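Q: After the structure tokens below, expect a handful of questions from me.
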Amino acid sequence: MNTDQALDIEIYCESIEIQRIGSRAVHKAQEESRRLDVPNVFSHNGSLYYELPNGELTTVDPFADPDS
């Protein structure tokens, strides 16, 4: 194995570890939001979705001021 291949494998392994850490952090934050009855917000195919505390998914912003 040449040096470039070893470096590529090392970078790949580090990126997998970073992704794992990020995924765990996101799941922990989502769980905490659910526990605190705060909507989770995420994007899918360029659209924003809100997971309400009751589990319902909506595209209507629950944070928006209804008087605006």
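The values are calculated or read from the model by the stated rules, or taken from the named source; none is laboratory data. Keep in mind that what you see is a predicted model, and the values were worked out from it rather than measured. Ideal geometry is used to build each Cβ from the backbone, glycine not excepted, and the neighbour counts take in all protein chains shown. Only protein heavy atoms, including side chains, enter the accessible area calculation; ligands, DNA and RNA are left aside. Shrake-Rupley method; radii C 1.70, N 1.55, O 1.52, S 1.80 Å.
Q: Could you look through segment 58-68, keep only residues that are of a type in the set (Ser, Thr, Tyr) and exposed (fewer than 10 other Cβ atoms within 10 Å of the Cβ), and pick out the one that is modelled with the highest pLDDT?
A: By that ranking, first place goes to THR59.
Q: From the residues in segment 1-36 that are of a type outside the set (D, E, K, R) and within 23 Å of LEU52 (Cβ to Cβ), which one is least open to solvent (accessible area, probe 1.4 Å)?
A: Only one residue fits best here, namely SER33.
Q: Residues GLY55, GLY46: which one is open to solvent by 70 Å² or more (accessible area, probe 1.4 Å), small (Gly, Ala, Ser) and either out of contact with any Phe, Trp or Tyr (no Cβ under 6 Å at 6 or more places or on another chain) or in contact (Cβ under 8 Å) with a residue 60 or more places away in the chain (or both)?
A: GLY46
Q: Here's a follow-up. Restricting attention to segment 24-50, and to residues there that are of a type in the set (A, V, I, L, M, F, W, C) and assigned to a loop (DSSP other than H, G, I, E, B), which single residue is farthest from PHE63 (Cα to Cα)?
A: It comes out as LEU36.
Q: Follow-up. Return the pair list, or none, for Cβ contacts closer than 6 Å from residues in segment 17-37 that are of a type outside the set (Val, Ile, Thr) to residues that are not in a helix (DSSP H, G or I), at least 6 apart or on different chains.
A: Pairs found: GLN30/ASN40; SER33/ASN40; ASP37/PRO53.
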